[in-house]
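Inspection log for the structure reproduced underneath, given as structure tokens.
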Amino acid sequence: MRILLTAINAKYIHSNLAVYSLEAYAQEYKKHIELAEFTINQTKDEILKGIFRCKPEVLCISCYIWNISLVKDIIREIHKILPDTAIWLGGPEVSYDAPGTLEECPEVTGIMKGEGEETFLELVRYYVEKKTNLSEMAGITYRTCTEGDIRIVENPWRDTLDLSTVPFVYADLEKFENRIIYYESSRGCPFSCSYCLSSIDKKLRFRNIELVKKELQFFLDHKVSQVKFVDRTFNCDHEHAMAIWSYLIEHDNQITNFHFEIAADILNEEEIRMIAGMRPGMIQLEIGVQSTNQDTIREIHRRMVFERVSGIVRQIQEGHNVHQHLDLIAGLPFEDYNSFSNSFNDVYKLRPQQLQLGFLKVLKGSFMHEMAEEYGCHYQDKEPYEVLFTRWISYQDVLRLKQVEEMVEVYYNSNQFLKTLPAMEKLFETPFRLYEALGEFYEKKGYMEISHTRLRRYEILLEFLMDKDPEHMDMYQELMIYDLYSRENMKSRPAWAGDLTQYKRMFREFYQTEMREHHFLEGYEMYDERQLGKMTHLEIMHYHPDTLEKGEYAFLFDYQKRDVLTYGALAQEVEV
Ligand code: SF4
């Protein structure tokens, strides 16, 4: 029997932990199971060819919001070229309306609902041993055909699994080279956010902590660059989170970064102290704020107290050792354009390394889906089921927020305009207005749909500023040059940057002294003055990049020492 487990990921660097878990859980039937991963960027033909060459008798495909249309396309064609292959689907995109999916896709034999390990094992047993019966199998909805009578049979959902019984899937790390490692130390979420499918399964379970430590040690020993925990709210159990974080601190390999989704407002003092003591870059935190409008928060069944979240985000920030990523969602109930701009400004004030603006996705099975009519919430029929308009926000405003989102991605989240943006913010009533105006400018000039080079982004910003504050262009140009050099030691200086020829002699003297005395460039002892000059960059500013005070300032950029949070080169003010 040949059974093929298939995942179609959003990007090459992603891997699909679910199919690996299913494969590992059914290891007693190892010789019958193959696994194939594709990406949505491959053509349909390539995926078809890949599946066809395996000639599976049973094909199981993992379905998510990012691949469901492609999956439906593929199964239509697969059924033509492999008409006898049984096709089973699983994953959140098909679990909550299994009969609907079976009606829509006549090629599909059945759906595995909810967590799949035990169900997949039984299904494999059914096909290999041919002793069991589908009617007795929990967790599936399937199609039967007796004497031409086709029926859809819905079996009950399966009880939740003991997470510690799922084998570790990464023993062969070669398969995951240059890809993100996803790891699960808990399953389920105790919270009830109305838009989220994880709120449906409230049975929160943890993997045995000794097992978790052993597996984390494996990643540490293999110097994996990043491990992303898929735990829905990693810190929902204090003891579990503390045990993992203390283990990581004690066994740190100075390389691996661990990513966690947390609820910031439930972090306690002990956890905050522990985070403060971590190696810079050892962990990164993703924190869902979603909105700071209290009516919205109440309506979506979140319990977040924003004042507490901000206090904690600020406390963590003091250590300058943890990358923080804060999320907002547009299109939620009671959130209109102005209220969203307030949420944005509240979160922006916290200066996270990343501020992600997402748009509500109305997922089948969620409470939000049930409430959509009441909220006047219209959303796309097809995935990603994104909000179009609601009682509170028009489609026109959603489009304006999309522009803001794009500008935040390009200018804020890139961390490439760290000195320029604060100066620009002073021109606007609020940060939101800045990104809104930038978005409008991009739209007006027809820049929105084009992919621009990094340098071009700076030039566009100069164009924008020429419109808004022409008297201070010299200052903005200098701040942008500072930002540019802080990322990279550019080979050619932009035409609009000030000419440094008059400082050449001073620079030479500086590097001569530095070669002898190493006041600023520690670790460069083996290089001569010419090499020092090439490896670093000296910039003269006539505005201080932090205070914007006029004067003459020299900054030395050291590219060997970078900020772990922003990737910016170390910039030291020097005397030349
Ligand atoms: S959004 Fe996060 S906290 Fe809320 S139910 Fe989903 S996983 Fe849990």
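Of note:
Matching residues to (1) in contact (Cβ under 8 Å) with a residue 12 or more places away in the chain; (2) outside the structural domain of LEU328 (by TED's automatic domain parsing); (3) under 22 Å from the mean Cα position of the chain (by Cα):
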site	(1), (2), (3)
THR390	yes, yes, no
ASP397	yes, yes, no
GLU405	yes, yes, yes
PRO431	yes, yes, no
ALA437	yes, yes, no
LYS445	yes, yes, no
THR453	no, yes, no
ARG457	yes, yes, no
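- Test for GLU118: is it within 16 Å of the ligand (Cβ to nearest atom), modelled with pLDDT of 95 or more and under 24 Å from ARG232 (Cβ atoms): no
- Selection status of ARG279, more than 16 Å from the ligand (Cβ to nearest atom), in the same structural domain as SER246 (by TED's automatic domain parsing) and part of a loop (DSSP other than H, G, I, E, B): yes
Results for (1) in contact with a strand residue (DSSP E or B) (Cβ under 7 Å, 6 or more places away or on another chain); (2) farther than 30 Å from LEU427 by Cβ; (3) not aromatic (Phe, Trp, Tyr), shown as yes or no for each residue.
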| position | (1), (2), (3) |
| --- | --- |
| GLU525 | no, yes, yes |
| THR547 | no, no, yes |
| THR566 | no, no, yes |
| ALA569 | yes, no, yes |
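- First in region 76-96 and within 17 Å of LEU4 (Cα to Cα), second anywhere and of a type in the set (Lys, Arg), Cβ under 9 Å, 6 or more apart: GLU77/LYS44; LEU82/LYS55; THR85/LYS55; GLY90/LYS113
- Residue pairs meeting the criteria (Cβ under 6 Å; at least 6 apart or on separate chains; first touching a residue at least 40 places away in the same chain (Cβ under 8 Å), in region 193-212; second open to solvent by 30 Å² or more (accessible area, probe 1.4 Å) and near the ligand (Cβ under 7 Å from one of its atoms)): CYS193/ARG302; SER199/SER192
- Residue that is nearest to the ligand (Cβ to nearest atom), among those in region 286-308 that are buried (at least 18 other Cβ atoms within 10 Å of the Cβ) and either free of Cβ contacts under 8 Å to residues at least 12 places away in the same chain or small (Gly, Ala, Ser) (or both): GLY288
- Residue selected from region 324-340 under the condition away from the ligand (no atom under 16 Å from the Cβ) and surrounded by fewer than 20 Cβ atoms within 10 Å (Cβ to Cβ), by the criterion farthest from VAL404 (Cα to Cα): PHE334
- Failed item, numbered, when TRP496 is tested on (1) more than 27 Å from VAL576 (Cβ to Cβ); (2) modelled with pLDDT under 95; (3) of a type in the set (Phe, Trp, Tyr): (1)
- GLU443 being modelled with pLDDT of 95 or more and open to solvent by 80 Å² or more (accessible area, probe 1.4 Å): yes
- Members of region 533-576 that are under 29 Å from the mean Cα position of the chain (by Cα), of a type in the set (A, V, I, L, M) and open to solvent by less than 30 Å² (accessible area, probe 1.4 Å): LEU565, ALA569
- Leading residue by the ranking (modelled with the lowest pLDDT) among those in region 150-164 that are buried (at least 18 other Cβ atoms within 10 Å of the Cβ) and not hydrophobic (A, V, I, L, M, F, W, C): ARG158
- Scanning region 509-518 for residues that are without any contact (Cβ under 8 Å) to a residue 24 or more places away in the chain and surrounded by fewer than 17 Cβ atoms within 10 Å (Cβ to Cβ) gives GLN512, THR513, ARG516, GLU517, HIS518.
- Scanning region 412-440 for residues that are open to solvent by 60 Å² or more (accessible area, probe 1.4 Å) and among the charged types (D, E, K, R) yields a count of 4.
- Qualifying residue in region 301-322 (condition: modelled with pLDDT of 95 or more and under 15 Å from the mean Cα position of the chain (by Cα)): no
The values are calculated or read from the model by the stated rules, or taken from the named source; none is laboratory data. Predicted, not measured: the structure shown is a model, and the values here were computed from it. With ideal geometry, Cβ positions are generated from the backbone for all residues, glycine too; neighbour counts draw on all protein chains shown. Protein only, heavy atoms only, side chains kept; ligands, DNA and RNA dropped before computing areas. Shrake-Rupley method; radii C 1.70, N 1.55, O 1.52, S 1.80 Å.
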